[in-house]
Amino acid sequence: MRIGELSRRTGVPARLLRYYEEQDLLHPERGANGYRGYAESAVADVRQIRGLLDSGLTTEMIRAILPYLSGPGELHPPAACVTPETAALLQGHIDRIQSRIDCLARNRDRLSAYLAAVRPADDNPVARRERSC
């Protein structure tokens, strides 16, 4: 498929798909006319790249781990294939994600406590009606 079709099917702008290629994340074939040609599997590849980017990974991190991320039912390379540098990079990212999760959990708990303190008692029918809206 051509880049426009891949863009439509994934919702990722063509300029980002070209950027992913520049970053060595996507590997389209080139036709005699110079046009990019993508395999059907590129749709899943782009969705996986987007998911990893959305989780906060950099393109550098994704480039390092992408060869080790297989789809369901596929064989994963052994853990020995992951370099110590890649493992350290990923561990640092995991630690940052955990810090964000901890911060969000604290904020959730504080907001819940605040709502519990200011919310009228459940036996108040007016309060029940307002909460159901």
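Do the conditions hold for G31, that is, is it closer than 24 Å to G11 by Cα and modelled with pLDDT of 80 or more? So G31 fits the description; yes. Just so you know, in the stretch 16-41 the residues that are more than 27 Å from I97 (Cβ to Cβ) and hydrophobic (A, V, I, L, M, F, W, C) include one that is surrounded by the fewest Cβ atoms within 10 Å (Cβ to Cβ), and it is A32. Checking the stretch 46-65 against the condition returns no match, with no residue being at pLDDT below 85, over 22 Å from I97 (Cβ atoms) and in a helix (DSSP H, G or I). Condition first: under 16 Å from the mean Cα position of the chain (by Cα) and among the basic types (K, R). Now tell me which residues in the stretch 93-107 satisfy that. Within the stretch 93-107, R96, R100 qualify.
Exactly one residue among P120, P78 is modelled with pLDDT of 75 or more and farther than 30 Å from V12 by Cβ, and that residue is P120.
The values are calculated or read from the model by the stated rules, or taken from the named source; none is laboratory data. Keep in mind that this is a model prediction, so the values were computed, not measured. Positions of Cβ are generated from backbone atoms using ideal geometry, with glycine treated the same way; all protein chains shown enter the neighbour counts.
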